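*Asks:* What follows is a single structure, and I will ask about it in a moment.
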Amino acid sequence: MRLNFNINSETKELELKTNETLLDVLRNNGYTEVKCGCNEGECGACLVLLDDKPVNSCQVLAMSVRKKEVKTVKGIGTLFSPHIIQRTFAQAGADQCGFCSPGMVIASYNLLRENPNPTYEEIVEGLDGNLCRCTGYVKIIEAVEESAELINGKK
Amino acid sequence: MFKYVNKPIEKIDGLALVTGNEKYTDDFNFDNMLYVSIMHSGFAHAVIENLDDSPARKTPGVAEVLSYKNVKQILYTTAGQGFPEPSPYDTVLFGKTMRYVGDNVCAVAAESKEIADAALKKIKVKYKRLKPLLDFEKAEGSKIIIHKDDDAFPKIPVYYDASKNMPSKVEADIGNFEEAFENSPGKIDHTFYTPYASHCALEPHASVSYIDNRGRLIIISSTQVPFHVRRIVSHITEIPISKIRVIKPRIGGGFGGKQEVLLEPIVALITWRTKRPAKLVLNRKEVFKSTRTRHQFRTNFKVGYNNDGEISAFHLDALENSGGYGSHALTVLSNAGSKTLPLLNKIENVRFTGKSVYTNLPCGGAYRGYGATEAYFGFGQVIDMICEDTKQDILEYYKKWSIKSGETSPIFKALGEGKEGVAMTITSTSLDQCIDTGAKESDWYAKKKLYGANSEMNKNNRYKKGIGMAALMQGSAIPEIDMASAYIKMNDDGSFNLNVGATDLGTGSDTILAQIASEVLDTPVEKFIVTSSDTDITPFDVGAYASSTTYLSGKAVQKCAEKIKEQILKVGAEILDSKIEDVEIEDSMVKIKSSSKGSDQEKISFEDICRYAFYQNNQFQIQATASHVSPKSPPPFAAHFAEIEVDTLTGFIKVLNYTAAVDCGTPINTTLAEGQAEGAIVNGLAYALFEDYYFTPHGKMLNDTFGKYGMFTAYDIPPITVKLIESYEESGPFGAKSISEININGALPAIANAFYNATGKRLFKAPFTPEYVLKILND
């Protein structure tokens, strides 16, 4: 069936089946920026914002979010109009293979929106649901710290 | 001084990655595509007596079923290595014998994943269950023979004895170990165990294939080795190499796990038979169970030394659990010796004996560190034991006895990769400075004085602190075997296409290789359009493994760019009406030497040079290709320092600080080099403290999810300090060596040594779980 969804501030008609997860529906309809690392809600690669709350999209049925605003990493910023967090991630080398990056960016965005001045502990807590095997998290944490400073105009 | 290398340049794909713009294998979809699901064996050891796929075939939407019944039984190795592979040909794509829980039974291709999964369940398989062999220490000569009647054979003339469950055996013997050990006043004889591990690349293995307009097979795959994939798929499917094109898009991490040809032959066969696109993406459980792992190892060290700590006899005996198949069995085993023993090159009597055995457990394969990680666990502790026993300062000890520039080790020649190794002399090392820097950064001497099992602060304290270190080496590419090549052509705006076979798995090699070309041609990195890893378009490269890309592919790019430079100078001189020896390249221009920049008559831009070459006189395409094979494998070196706190009540080890000082020659991209080190360190820490495979009594992996497996999150990491201590390796591009693997080797020995410093007890088995730590503390 085809139903309307609100994705990245646009109304889109998506093809779906009733039993499909939001992750599958998004990916099947071209939103491949949402990644599938485990499909078990443990890696955070499929993280999206649902009404501004971070959710592993592999754990949510698409049908249940029809009335909600879905935001993927492209809703935060795009190649030609990147968000400050994305800009900083790329500059800091917080991206290696990049597979965890969309989820990491969402987690960081959510963290900084709720807490613009996070401590180190608050940052690692905020990223705790997102796995990365490449970076060892060091440059990701640095990128979040740097983003916070830029967002707060301290730099 | 460098202009474009040795700089923290942003990855050329960075912004595309973090905005979700880049495409990975599973992001490619094609009309009329089939979805493939695999049935994996639930038995560790069994023979299929019958497989009835007719219920699946009758299921609406099912297009093809692959099993031993309709797949030719062609032996190969899944190891994506150079040809002929040093791994035995002991695998068939779909056979009748199941050799571990996760082995391939059959595959279904259907209109949707749901149909494929449902159809798989309808396939009736009758197994004859065999007794599994699950203890690798009892595998040699066991009555249970894992590769019995399958005609498995080694592709190269090396030891292989299936009747003894032994896919490989490696030995090297220098001097007279027995006599020297016998006569040594100090003796060590200890055995260490390292566990299985999963690579945990965030992107699961994935392949998709289709037939192009002219009938050729195109495979898009998450692989580290596209050229090996093309060759091995051709071997298994009997589709000519000329009909196959392999493309590696962005890949979500590899770490050795994707140096393995697992899915490509399956989608290839389905597409070739049905003429329809086919996609196969594993789920996480399948990645854990059915793909490849780090080999489980037992290492024994017999070491004889005198009262000054000088080692006269050193014997490393390694037993490697290869699992059901012998992928990378020989070479990982060999590297356990060849990447550790040369570090202390002055030992006169050195012996390495290694055996690899088949079991009915998951298959080993390539994994970052590749045998060195497994061996350094014991190696680093043995050196610490000697220093403790003879009251040596371990830092001075390593400085005194480690291999130096101008020196060699007989091990380089004695231990090769399936053949004799390559003798080489070290031409770059900053290990001594790494040790000094690491000591300073970790506050080694002050903490060493403060801590200790009998120190005031530790003696009666539940929480005991300790500090430990280890010195390390690895290699850079496989000498005289690995080949890389590059192609560059110039465009009429002064930009260049740089086509490389090299495989960027997220390491940033596309960027690093562009930086190297930039440096040669004195033109910005943005001027290079990098295309990598497409067997139709890019020249050959063995792929991303053995810490080779920067060192080996980088040198090919450097050589290629030098040729381009010659051509540009020639055209520039022609335009400027000068001689080639009188012109030089500067800032994307050719100018007359010693001329001032201001004069238009004395300089010509790259853009004008290319336009001239395209359209005006003596027209030709400025283009070149170059290949590189290295006569040596210069080791990177590192010194790692771990400071820990042991909770003696719970057995929990907390890493307080981790410091690594690393010599990778010239780091071509400082940010990316640090990132390689940090990533490897954290993977090493998790391997030392948590990661393991737990099995049922029947050989089924129990902890096959991220949650149960224990990979670190940002929350788990200690403060990590990485210092790049440059040296200059003359055989590498602009002095570069490798950095990708070495730093995974330090956590095991450094933490274990810190544990000894804190508690006076030694750890012989990884991971250092609270349960194991308590057992050791209470012993």
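The values are calculated or read from the model by the stated rules, or taken from the named source; none is laboratory data. Being a predicted model, the structure only gives us computed values, none of them experimental. Counting neighbours? That spans all protein chains shown, and the Cβs are built from the backbone with ideal geometry, glycine included.
Listed here are the residues, each with its yes/no results for (1) of a type in the set (D, E, K, R); (2) within 14 Å of the chain's Cα centre (by Cα); (3) part of a loop (DSSP other than H, G, I, E, B).
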residue: B:Ser334; (1), (2), (3): no, no, no
residue: B:Gly337; (1), (2), (3): no, no, no
residue: B:Pro342; (1), (2), (3): no, no, no
residue: B:Phe352; (1), (2), (3): no, no, no
residue: B:Val357; (1), (2), (3): no, no, no
residue: B:Pro362; (1), (2), (3): no, no, yes
residue: B:Thr373; (1), (2), (3): no, yes, no
residue: B:Phe377; (1), (2), (3): no, no, no
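*Asks:* Given B:Gly665, B:Gly651, which one is more than 14 Å from every other protein chain (Cβ to nearest Cβ), at positive phi, surrounded by fewer than 24 Cβ atoms within 10 Å (Cβ to Cβ) and at pLDDT 95 or above?
*Replies:* Among B:Gly665, B:Gly651, only B:Gly651 is more than 14 Å from every other protein chain (Cβ to nearest Cβ), at positive phi, surrounded by fewer than 24 Cβ atoms within 10 Å (Cβ to Cβ) and at pLDDT 95 or above.
*Asks:* Is at least one residue of segment B:622-629 outside the structural domain of B:Ile383 (by TED's automatic domain parsing), closer than 30 Å to B:Val571 by Cα and in a loop (DSSP other than H, G, I, E, B)?
*Replies:* yes
*Asks:* Run down B:Gly684, B:Gly679, B:Gly699 and say which single residue is more than 8 Å from chain A (Cβ to nearest Cβ) and in a helix (DSSP H, G or I).
*Replies:* From the options B:Gly684, B:Gly679, B:Gly699, the qualifying one is B:Gly684.
*Asks:* Pick from segment A:111-143 the residues that are hydroxyl-bearing (Ser, Thr, Tyr) and surrounded by fewer than 21 Cβ atoms within 10 Å (Cβ to Cβ): which of them is nearest to the other protein chains (Cβ to nearest Cβ)?
*Replies:* A:Tyr120
*Asks:* Look at B:Ile383 and say whether it is over 20 Å from the mean Cα position of the chain (by Cα) and farther than 27 Å from B:Gly256 by Cβ.
*Replies:* Against the criterion (over 20 Å from the mean Cα position of the chain (by Cα) and farther than 27 Å from B:Gly256 by Cβ), B:Ile383 does not qualify.
*Asks:* Which helices (runs of 4 or more DSSP H) does segment B:416-500 wholly contain that include 2 or more residues that are under 33 Å from the mean Cα position of the chain (by Cα)?
*Replies:* By residue number, B:431-442.
*Asks:* List the number of the failed condition for B:Ser731; all other conditions in (1) within 30 Å of B:Gln558 (Cβ to Cβ); (2) buried (at least 19 other Cβ atoms within 10 Å of the Cβ); (3) within 11 Å of chain A (Cβ to nearest Cβ) hold.
*Replies:* With respect to (1) within 30 Å of B:Gln558 (Cβ to Cβ); (2) buried (at least 19 other Cβ atoms within 10 Å of the Cβ); (3) within 11 Å of chain A (Cβ to nearest Cβ), B:Ser731 is out only on (3).
*Asks:* Now a separate question. Would a scan of segment A:109-116 turn up a residue that is part of a loop (DSSP other than H, G, I, E, B) and without any contact (Cβ under 8 Å) to a residue 12 or more places away in the chain?
*Replies:* yes
*Asks:* Against the conditions (1) assigned to a loop (DSSP other than H, G, I, E, B); (2) touching a helix residue (DSSP H, G or I) at 6+ places or on another chain (Cβ under 6 Å), where does B:Pro718 fall short? Just the number, please.
*Replies:* (2)
*Asks:* Kindly indicate which of B:Gly506, B:Gly438, B:Gly501, B:Gly452 is in contact (Cβ under 8 Å) with a residue 24 or more places away in the chain, buried (at least 24 other Cβ atoms within 10 Å of the Cβ) and assigned by TED's automatic domain parsing to the domain that holds B:Val382.
*Replies:* B:Gly438 is the lone residue from the list that is in contact (Cβ under 8 Å) with a residue 24 or more places away in the chain, buried (at least 24 other Cβ atoms within 10 Å of the Cβ) and assigned by TED's automatic domain parsing to the domain that holds B:Val382.
*Asks:* Let me ask something else about it. Collect the residues in segment A:117-139 that are free of Cβ contacts under 8 Å to residues at least 40 places away in the same chain and either over 22 Å from B:Asn683 (Cβ atoms) or not in a loop (DSSP other than H, G, I, E, B) (or both), keeping them in residue-number order.
*Replies:* A:Asn117, A:Pro118, A:Thr119, A:Tyr120, A:Glu121, A:Glu122, A:Ile123, A:Val124, A:Glu125, A:Gly126, A:Val138
*Asks:* Based on this model, can you work out whether A:Ser64 counts as within 13 Å of the chain's Cα centre (by Cα), of a type in the set (S, T, N, Q) and more than 7 Å from every other protein chain (Cβ to nearest Cβ)?
*Replies:* Against the criterion (within 13 Å of the chain's Cα centre (by Cα), of a type in the set (S, T, N, Q) and more than 7 Å from every other protein chain (Cβ to nearest Cβ)), A:Ser64 does not qualify.
So that you can scan it fast, the table gives a plain yes or no per residue for (1) among the hydroxyl-bearing types (Ser, Thr, Tyr); (2) within 28 Å of B:Ile512 (Cα to Cα); (3) buried (at least 23 other Cβ atoms within 10 Å of the Cβ):
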residue	(1), (2), (3)
B:Asp541	no, yes, yes
B:Ala544	no, yes, yes
B:Thr549	yes, yes, yes
B:Lys555	no, yes, yes
B:Phe614	no, no, no
B:Pro635	no, yes, yes
B:Phe641	no, no, yes
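*Asks:* When the residues of segment B:714-724 are narrowed to those that are facing another protein chain (nearest Cβ under 9 Å) and crowded, with 21+ Cβ neighbours inside 10 Å, which ends up nearest to the chain's Cα centre (by Cα)?
*Replies:* Across segment B:714-724, the extreme among qualifying residues is B:Val722.
*Asks:* Here is a follow-up. Out of the residues in segment A:19-52 that are more than 13 Å from chain B (Cβ to nearest Cβ) and over 19 Å from A:Leu111 (Cβ atoms), which is surrounded by the most Cβ atoms within 10 Å (Cβ to Cβ)?
*Replies:* Taking the candidates together, the pick is A:Leu22.
*Asks:* Can I ask one more? Being away from every other protein chain (no Cβ under 14 Å) and buried (at least 24 other Cβ atoms within 10 Å of the Cβ) is the filter here; which residues of segment B:182-216 pass it?
*Replies:* Across segment B:182-216, the qualifying residues are B:Phe192, B:Thr194, B:Ser207, B:Ser209.
*Asks:* Still on this structure: Would you mention how many residues in segment A:71-90 are at the interface with chain B (Cβ under 7 Å from one of its Cβ atoms) and either among the charged types (D, E, K, R) or without any contact (Cβ under 8 Å) to a residue 40 or more places away in the chain (or both)?
*Replies:* Of the residues in segment A:71-90, 7 are at the interface with chain B (Cβ under 7 Å from one of its Cβ atoms) and either among the charged types (D, E, K, R) or without any contact (Cβ under 8 Å) to a residue 40 or more places away in the chain (or both).
*Asks:* If the requirement is being within 30 Å of B:Asp482 (Cβ to Cβ) and either at pLDDT below 95 or within 28 Å of the chain's Cα centre (by Cα) (or both), which of these qualifies: B:Ser37, B:Ser87, B:Ser41?
*Replies:* B:Ser87
*Asks:* Pick from B:Val208, B:Val225, B:Val267: which is aliphatic (A, V, I, L, M) and within 20 Å of the chain's Cα centre (by Cα)?
*Replies:* The match here is B:Val225.
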